[in-house]
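Visitor: Submitted below is the structure of interest, expressed as structure tokens.
The values are calculated or read from the model by the stated rules, or taken from the named source; none is laboratory data. Keep in mind that this is a model prediction, so the values were computed, not measured. So basically every Cβ, Gly included, is an ideal-geometry build from the backbone, and we count neighbours across all protein chains shown.
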């Protein structure tokens, strides 16, 4: 159906792609995997025409075609779900569905949108503004738009990042039915489990080159070796060993009847205690209250009810409390880092900023942080120029040494296995004995692996709260969708 | 002084007409994500070229055409540098403001205080005889009628046509448009030029109808900045921008009237009154955001709009 031959793409002196070939048949799902920075997203953008390739050829149904702009791509029926949805936040759902489409009859398009949504089991309200939707719902809308445009080649770049388990099931169902209809589907992902569940063939990229191809059934070990090269210099994924879970100790944060109206569902009279030494994983559908809970822990959102942190009723944001609690947001570049500031400037800003800054001020400390935290960059590299994994490492390096309460949203979002393991390893090493980590993650396996206790949110309430070793994936996934057995009600 | 409501309303409609063209032109440009700060200079320059072309030909129509072309020419400079070369639209716009102003005074010297053609009131037959409505809406020059028509036309275009949707999409997220096969920079260029033409017509509306003639000062200085403020005040929505323009017209006219009532107050107070009032309105909108009063906060929500998310940022292809 579609074939890429010997694709090269250079950004200035950076060689992003150095001779990649890929062939995808109609009616099949083809997986593309690789480490962060292996060139997966670049390759896909070349295929849609979003970026122009440096050299190489593209064949569509056996004929050579010219794809230099997305216009060429869409006219051939190539469509892509980008990792960050490329849509229009302030326009309505229907406007987003229609933007760029040939047809402009609102009533007819509205009917078509609802019919398509119905067919795949999506719930979308055409007149809502897009900013009311979760990332998962925006992705569903984009998918429907592409299906309506009669695409024959569908590319998905990390489609399950930031969406809920239920949305993922709906998405996979939709992909399988598109495959039945003869669509050629390319799935780019970090997650081997979903590649194994969906794909017929698999291409592995490493440093801008095709290193291996496999047919179903895949051999997990050889896939991993091809992705990362040799596995040796990396610590094995930590278990709960370093954190003491036995015997609940002193309270660190205590919520009593806390309500908030921010976020999608807000918080509805949440009461719970978080203890020293705990690693708590927060689960739930997108926007069920986890993120609001975290931000209230960090004292970032207004709320009613009482929140006690570090054993004193927090009144005005005391400087002491601020230095002890640290919040790492999911959207690193917009909430955590300042894109145009360098590594050195970030460290200076985080610590006691001197009144005057000479070019050498803080350079040594920055160099030291770069070494300790294994950041790929120079003291003068701007945060925006770092890759996702290195941005996360920079954020970690900014955590003050005396931080006792580390609050994180999707700590390993967009990181490959190796960077993710590194992050967790480091967090556990740094955490003082009287500290705690609270994190929200859409990845239940991460919660099972890393947390000592899991709290599941549903519609702004805590629906399940247990130590991890007393529950299982099945129970958690049911709780996420609001189903709990009568005996595992909320502990108070 | 005898003031009747129809006379007052007709006065507002006429004095606001150039502002309607300028503010709606800028709204069109900004809706696509481009900010054209050169408005004040463009209005002055096109007022001059419009008057010059009308004087040379003896008819107002070539004047309006020349003014529109002037507005487009300025917008073209901005488009090339601000959209295609990706340089700061704010910096280019500012430079163009002052360049155009000085150019207008310099090139227009020979037309200063010379008699020239102007567009006279053209009452619409029958309709202008209607009580109340007649004198307010149907006893104006053609350019004022055109300003009435422009408001619904632009609103319909932006919110009910395919091209209007593309325009709004480009202003929101040019990368998203590029991925869909739309050419964001071409779209932005088209609407920057179209917006520039409207601003140019606004300039000619001054020199050929509302404040006829050319000289230094012409009397339209400062209006460009008002138009820019009105676009923000109106939340980038054509109907609200137009409403803002009429409110500004009302303030200007009432300034003249109040001056007659309070002759002891210095006249400057009434001339500058609209500006602090506009700032005051923005402050009220801000403080009403968190009010418990439902009705009031809803009204205020209607008045405040969000800027196009990509405003002032040009799309660069990778």
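Visitor: Among the numbered criteria (1) away from every other protein chain (no Cβ under 12 Å); (2) in a strand (DSSP E or B); (3) touching a helix residue (DSSP H, G or I) at 6+ places or on another chain (Cβ under 6 Å), which single criterion is violated by residue A:116?
Guide: That leaves (2) as the condition not met.
Visitor: Sticking with this one: Looking only at region B:86-133, count every residue that is on the phi > 0 side of the Ramachandran plot, without any contact (Cβ under 8 Å) to a residue 24 or more places away in the chain and in contact with a helix residue (DSSP H, G or I) (Cβ under 7 Å, 6 or more places away or on another chain) and tell me the total.
Guide: Counting residues in region B:86-133 that are on the phi > 0 side of the Ramachandran plot, without any contact (Cβ under 8 Å) to a residue 24 or more places away in the chain and in contact with a helix residue (DSSP H, G or I) (Cβ under 7 Å, 6 or more places away or on another chain) gives 0.
Visitor: When you look at residue A:78, is it touching a strand residue (DSSP E or B) at 6+ places or on another chain (Cβ under 6 Å) and more than 18 Å from residue A:16 (Cβ to Cβ), yes or no?
Guide: yes
Visitor: Can you tell me which residues in region B:181-213 are buried (at least 24 other Cβ atoms within 10 Å of the Cβ) and farther than 28 Å from residue B:45 by Cα?
Guide: B:184
Visitor: Please verify whether residue A:91 is under 14 Å from residue A:143 (Cα atoms) and either more than 10 Å from every other protein chain (Cβ to nearest Cβ) or at pLDDT 90 or above (or both), treating the condition exactly as stated. So that I can check it myself, show each step before the final result.
Guide: Numbers: under 14 Å from residue A:143 (Cα atoms): no; either more than 10 Å from every other protein chain (Cβ to nearest Cβ) or at pLDDT 90 or above (or both): yes.
Spelling it out, it is not the case that residue A:91 is under 14 Å from residue A:143 (Cα atoms) and either more than 10 Å from every other protein chain (Cβ to nearest Cβ) or at pLDDT 90 or above (or both).
Visitor: Residues in region B:137-179 that are within 9 Å of chain A (Cβ to nearest Cβ), surrounded by 17 or more Cβ atoms within 10 Å (Cβ to Cβ) and not in a helix (DSSP H, G or I): how many?
Guide: Number of matching residues: 1.
Visitor: How many of the residues making up region A:44-84 are in contact with a helix residue (DSSP H, G or I) (Cβ under 6 Å, 6 or more places away or on another chain) and more than 8 Å from every other protein chain (Cβ to nearest Cβ)?
Guide: Qualifying residue count, region A:44-84: 6.
Visitor: Next question. Look through B:193, B:228, B:208 and report the one residue that is away from every other protein chain (no Cβ under 14 Å), under 22 Å from residue A:71 (Cβ atoms), out of contact with any strand residue (DSSP E or B) (no Cβ under 6 Å at 6 or more places or on another chain) and in a helix (DSSP H, G or I).
Guide: Criteria check complete, one pass: B:193.
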